[in-house]
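Below: one structure, written as structure tokens.
The values are calculated or read from the model by the stated rules, or taken from the named source; none is laboratory data. This one's a predicted model, so the numbers in the text were calculated from it and none came from an experiment. Here the Cβ is made from the backbone with ideal geometry for all residues, glycine too, and neighbour counts use every protein chain on show. Please note that ligands, DNA and RNA were not included when accessible areas were found on the heavy atoms of the full protein model with its side chains. Shrake-Rupley method; radii C 1.70, N 1.55, O 1.52, S 1.80 Å.
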Amino acid sequence: ATWALVAGSVAVAVGALAFASSNRTQESSQRVVRFELTSRDVQQLVSPGGTRFAWSPDGEEYVYTGTGGATTLLWSRQLDALEPTQVRGTENATSPAFSPDGRQIAFLTVSPFSLRVVPRGGGQAREIVSDRIAAGGGVTWSEDGFLYFDAGPGLARVRADGSDYDMVLPLDTAARETGVAWPRALPNGRGILMRIRRANEAMADWTIVALDLRERSRRALVEGIFALYSPTTEHLLWVTADGTLIGQSFDLNSLEFRGEPVQLFDGLSIGGFGAVDLALSPTGDLLYTPGSSTTTTGLLSWVDRRGSSMAADSTSIDFVRSMSLSPDGSAVAMTMERATDAVGLSRIWVSSIGGGPLQLVTTESRSTRSPVWSADGRSLFYVSDEGTTIYRRRADGSGSEETVASVPRGIVGMTVHPSGESIVLVGEDSGDRRRELLDLQLTGATALTNLGISAGINIEPPALSPDGRWLAYVSPLTGRDEVYVSPYPNVGSGRVQISGDGGGAPRWNPRGEELFYVNDAGAVVSVRFTLANGFQIVGSTPLFSPQTRPGEGRMLYAPSPDGSRFLMIDIAGARGGAGVSRPVVVQNFTAELRARVPR
């Protein structure tokens, strides 16, 4: 279960003034009004995967997933304000959900997956569930005090302080269920609506299911990809695979339909894994995004140093968490989740740039991630077993995998020495979830050494230089993530700070004497250096700000072998603007629902 979204913010037209007013007259409260929302470039809706809108319980504010420099952020729009504001502490956010009292906002992060909670006005976010448990299929906050979320093997719940974790609806593997997504809480803690899909099943056959919290049982309701409940009108609303919105009277006590279904309108935009931008406020206003599909599929593209882009391959790819370019630049390995994959796991695929089908490398029934090429380009190193084992396999997927090393701490990113004799990895402590740099020597008896360096707040894999003598990494030594370079393997013998105003995603130019990173404004920066007397910076130049989605770390990109351009992923429909549908508000939608769908 995972992925897709929509874009927007709001510089509203004159027709929105009545909508912005909290003091509606009796006459205007029954008038159904539709209008589009437009946005400034710096406040756009973006699509990192998941659902993108949430209304506050008082109906006077909504939040959405929008632009945020090098990452995504939640933006808040008060209905009596002309401009949205950023919600601090929501970097990498998607799939927002308000707490029932309206004081907090829960959200998912994409890379890595995690469940976090932040105060309504923004601030320090708390990680409730890490990527070992959380997946990308959304979250809802029920009136029973629990957060219900996609945990991969099923629907789980947890309290906002991280206590009382419970798998409340495990997937039925005997029935070949592979994913749960888009949970929505029913009133009074009655139950949870969600979408379930099965192996080799078309999107049109996916099922809306209700979890009965009284009996801890499930009820299959209807074929659809997304559903929510209208408590003031007692209707269930659901979206079909062709983007049609349907409504039907629904008995909350028995969790059964009444009357007949009515088609309300069609043309809703559908994202990856059937995500739909559809949110109904307690005051009866509907937010949705019309248009064609906005899935997280995209194309591999080459981007030059000025930011000009051209397609590198015509093969469409699905949601990518990480990627690694081969030493000769002829192929790219990707950690990818595909809606058509029967197992519903993140697996490693290789694409030959310039032509040919995607090649599946890891076929085992477990998730794999973080591929890194060997220096000769013949094999791949990758991580599996919940981040505790490093494997090696031929890049064409043939043969069996070889266990390289097992570690007691979860690996969330790594870089392999050109000689293949050592690996520097980001290890996560299973207790307090601190991330630190670890050195894994593979010659002789395998030895794991803590380098004594705290890793970045987000997943930012380190990078060994082409000659293996220098290590670039991200660390919050100053209180914020910055890029540093130290000698390797003796990292304690020196340290040079590369970024000054926040940075991450370090990448070496394979030709030497240049290091790239991404600053907090989202620009790729070139740092030139000399090794005449140690590591010395001789110049730093921002190159361009690409319009791409984040992956593991703050950006998915890889320098070409000659350092003249970068491989990136152009996500179709990721941002608003010309040619992309804007979000629509239907003011007093519930009045229309009452009139058209009898109880």
Chain lengthening between ARG31 and SER540 when straightened (0.36 nm per residue, less Cα-Cα) = 177.5 nm
Most to least packed among 221-232, 194-205, 44-55, 135-146 [average Cβ atoms within 10 Å] | 44-55, 135-146, 221-232, 194-205
Would you mind getting me the FRET efficiency between ASN533 and PHE265? Use the beta-carbon distance for r and R0 = 60 Å, nearest 0.05.
-> 0.30
What net charge do the residues around VAL63 carry, taking every other residue with its C-beta under 10 Å from that of VAL63, with Lys and Arg at +1 and Asp and Glu at -1?
-> +2
Give the shape of the stretch 396-479 as rounded, prolate or oblate, defined through the alpha-carbon gyration tensor: a ≥ b ≥ c are the square roots of its eigenvalues, a/c under 1.5 means rounded, and otherwise the shape is prolate if a/b is larger than b/c and oblate if not.
-> prolate
Lys and Arg at +1, Asp and Glu at -1: add these up for the other residues within a Cβ distance under 13 Å of ARG214 and post the number.
-> +1
From the backbone phi of the stretch 159-166, what are the Karplus-calculated ³J(HN,Hα) couplings (6.51 cos²θ - 1.76 cosθ + 1.60, θ = phi - 60°) in whole Hz, Gly and Pro given as x?
-> 7, 5, 9, x, 8, 6, 5, 7
Simple spin-label estimate for ARG394 and LEU360 in nanometres, 7 Å along Cα-Cβ | 1.8
For THR51, distant residues with modelled amide H under 5 Å away = SER95
Ordering of 404-412, 183-191 by burial proxy (mean other Cβ atoms within 10 Å per residue, highest first) | 183-191, 404-412
What accessible area per residue, rounded to a whole number of Å², is obtained for the chain using a probe radius of 1.4 Å?
-> 37
Taking amide H positions as placed 1.01 Å from N in the peptide plane, with prolines and chain starts having none, which residues 5 or more places from VAL361, or on another chain, fall under 5 Å of its amide H?
-> ILE348, TRP349, VAL350
What are the residues whose amide H is under 5 Å from the amide H of SER379, where those residues sit 5 or more places off or on another chain and H is modelled from the backbone?
-> SER374, ALA395
3J(HN,Hα) from dihedral phi, the stretch 373-388, Karplus parametrisation 6.51/-1.76/1.60, rounded to Hz, x for glycine, proline = 6, 6, 4, 8, x, 9, 9, 10, 9, 7, 10, 8, 6, 6, x, 10
Which one of LEU278, SER346, SER370 has its Cα pushed farthest toward the positive end of the charge dipole of the stretch 229-388, where Lys and Arg give +1 and Asp and Glu give -1 at the Cβ?
-> SER370
Which whole-number percent gives the relative contact order of the chain, counting Cα pairs below 8 Å spaced six or more residues apart?
-> 13
How high is the relative contact order of the stretch 181-244, given as a whole-number percent (alpha carbon pairs under 8 Å, six or more residues apart)?
-> 26
Over the alpha carbons of the chain, what is the largest minus smallest coordinate on each principal axis, giving the biggest first in Å?
-> 78, 53, 46
Would you kindly calculate the translational diffusion coefficient of the stretch 188-345, applying Stokes-Einstein with the Kirkwood radius from alpha carbon pairs, for 25 °C and a viscosity of 0.890 mPa s, and quote it in µm² s⁻¹ without decimals?
-> 135
Length gained if ALA375 through SER406 is fully extended, taking 0.36 nm per residue and subtracting the Cα-Cα distance, is 9.0 nm
